[in-house]
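What follows draws every value from the coordinates through simple rules; no lab data is involved. None of the values given here were measured: they were computed from a predicted structure. Cβ coordinates were reconstructed from backbone atoms using ideal geometry, including for glycine residues, and neighbour counts include every protein chain displayed.
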C-alpha cells in the first residue's frame with residue numbers, strides 16, 4: 001500500500017460502511033438541531049430561548065460523559081451504537097410528533113417549549129454515549145498505521161453531514177415546513193440503523209472488563225491529565241468553540257439583521273461546514289501532521305478573526321465568506337485534534353478519553369450556544385459575537401505564551417512509527 005495513499009482507509013469495506021453511517025447520523029443530528037432552533041425562535045423571538053436549547057442538551061451530555069466512557073470501554077461497540085441510534089430515533093420521532101400542526105394547535109406555547117426542551121435533553125443523554133462509541137469503533141475498522149488517514153476521512157464525512165444537514169434544513173423548512181423536515185430526520189436515523197448491521201460485532205480490547213466504575217473513571221481522567229498534549233489540544237479547542245459560538249445566533253442574523261429568511265439561513269448555517277469540508281478533503285492529500293502545534297494555534301486564531309468579521313458584517317455575502325473561512329480554520333483544528341487523540345490514546349481507554357473530549361469540546365458547542373444566547377440578551381447580538389471572537393483570540397495567545405512545548409508539537413514522528 002502506498003505510503004501517502006490518500007484513499008488508504010477507504011479500501012477497507014467496513015470503514016467505508018462506517019462513513020456512510022456517520023454521514024447519515026451527522027446529517028440527521030445537525031438538521032434536527034437547525035429545525036428546532038428555527039421553530040423555537042419563531043415561537044419566542046427570544047435569543048435566550050436559543051441558548052436554552054444548547055443548555056438542555058449539554059447538561060446530560062456533560063454529567064453522563066465519564067460514565068458513558070466507562071460503559072463504552074466495557075461493552076461491544078457495534079451493539080452499543082445500535083442502542084444509541086435507537087435512542088436518537090425515539091427523540092426524532094418525538095420531535096416529529098410534537099411539531100404536527102394538529103398537536104401544536106392544541107398546546108400552549110409554554111407546554112410546547114417544555115416538550116421540545118425535554119426531548120432535546122433526552123438527545124443529550126444519547127449524545128453522551130454516541131461520541132465515545134463512534135470514536136472507539138473507528139479504531140477497530142482499520143490498522144493503526146492508517147489512523148491519521150481514517151481520522152481525516154471520518155472528520156470529512158462529519159463535515160459533509162454538517163454541510164448538507166443545515167442546508168437541507170433551511171430549504172426544507174421553506175418548502176415542507178418544520179413538521180415534515182423532522183420526518184426526514186427520522187428517516188435518516190432509521191437508514192443508519194439498518195446499515196449498521198452490515199458491520200459485524202467487534203472484540204472488546206479492554207483487559208479490565210468488570211473493573212469498578214470509580215477506579216475506571218479515575219484512570220481515564222488521570223490519563224488525560226498526565227498526557228499534556230491531549231489535555232492542551234482539547235482545552236484550547238473547548239475555549240475556541242465556547243466563545244466562538246456565533247452559529248447559535250444565526251436565526252437572529254437571518255431573520256432580523258440580514259433579512260434573508262429561511263433559505264438564507266440555510267446558506268449561512270452551511271457555510272462553515274463547506275469550508276471545513278474543503279480543507280478536510282485537501283488534507284487527505286496534504287497531511288497536517290508536521291508542525292501540528294503551530295498549525296493548530298494559527299487555525300484557532302484565524303477562527304476568532306472570522307467570527308469578529310461575521311459579527312460586524314451587515315452584508316449577506318461578506319457574512320457567508322466569513323463563516324466559510326471560519327469553517328476552514330475550524331476544519332484544520334478538528335483534523336489535528338482527532339489525529340492527536342487517535343495516535344496518543346491506548347485501545348483500552350478510547351471510550352473514556354473520548355468522553356473526556358466530549359465534555360471539553362463536544363459539549364462546548366452547546367455551552368457556546370448558551371453563552372451566545374445569554375450574552376446576546378445582555379449585550380446585544382452583534383456585540384456578543386464580536387466579544388466571543390476577541391475572547392477566542394486571547395485564548396490562543398495565552399496558550400501559545402504559557403505552553404511553549406505545545407507550539408513544538410509534531411505528529412509526523414508518531415505516524416512514522418507505524419509505517
remark   = Listed with the fewest Cβ neighbours within 10 Å leading, 175, 100 appear as 175, 100
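For the ranges 7-20, 118-131, what's the packing order if you count other beta-carbon atoms within 10 Å of each residue, average per peptide, and put the highest first?
Working: 7-20: 17.4, 118-131: 22.7.
Averaged packing, sorted descending, gives the order 118-131, 7-20.
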ask   = Fewest to most neighbouring Cβ within 10 Å: what's the order for 70, 179, 174?
value = 174, 179, 70
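Using the beta-carbon distance between residue 194 and residue 97 and R0 = 30 Å, what value does 1/(1 + (r/R0)^6) give for FRET efficiency, to the nearest 0.05? All intermediate terms of the calculation are to be shown ahead of the outcome.
Details: r = 22 Å, r/R0 = 0.72.
Rounded to the nearest 0.05, the efficiency is 0.90.
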inquiry  = Please compute the alpha carbon radius of gyration of segment 115-233, then divide it by the globular-protein estimate 2.2 N^0.38 Å. Two decimals is fine.
reply    = 1.37
query = By counting other Cβ atoms within 10 Å of each Cβ, how are 73, 5 ranked from fewest to most?
reply = 5, 73
key: Debye log10 I(q)/I(0) for the chain, one point scatterer per Cα, at q = 0.07 Å⁻¹   = -0.30
